[in-house]
Amino acid sequence: MPEPIKSPRPDPASKQARNRSSTQRNWSKVEEYLTAIEKSRGFAKAWELRERLERGDITLDDLTGR
């Protein structure tokens, strides 16, 4: 009997795609969060987070700790 194929670690590209999809689904909440960050920490920090969210590096859940 052949050995089962071992699943390699998840593809980072697919994780980024899932993260981007999650961000797009929750875009109104993302905008709300980024507005609060802009008011408390400044425009530069909010912009940095926006770029990371759009690339799929992180999700809103990662940022809010959900």
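What follows draws every value from the coordinates through simple rules; no lab data is involved. Here the structure is a predicted model, which is why all the values come from computation and not from measurement. When we count neighbours, we look across all protein chains shown, and the Cβ atoms used for this are built from the backbone with ideal geometry, even at glycine.
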**Asked** Which value in nm describes the separation of the simple spin-label points at ASN26 and PHE43, placed 7 Å from the Cα toward the beta carbon?
**Response** 2.7
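Counting helices only, and only those DSSP H runs with n ≥ 4, report the 222 nm mean residue ellipticity of the chain as the sum of -39,500 (n - 2.57) divided by its residues, in deg cm²/dmol to the nearest 500. Intermediate values should be presented prior to the final figure.
Values: 4 runs with 47 residues, N = 66.
Using -39500 (n - 2.57) per qualifying helix, the result is -22000 deg cm²/dmol.
At a threshold of 8 angstrom on Cα-Cα distance, excluding pairs fewer than six apart, so keeping six or more, what relative contact order does the chain reach in percent? If you can, show how the numbers build up before the last one.
Values: 38 pairs, mean separation 26.4, N = 66.
Here the relative contact order equals 40 percent.
Please give the length that would be gained between ARG52 and ASP11 if that part of the chain were fully extended, namely 0.36 nm times their separation in residues minus their C-alpha to C-alpha distance (nm, one decimal).
Contour length minus Cα-Cα distance gives 13.0 nm.
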**Fill in**
Helix 43-55 sits off the longest principal axis of the Cα atoms of the chain, rounded to the nearest 10 on a 0 to 90 degree scale, by 20
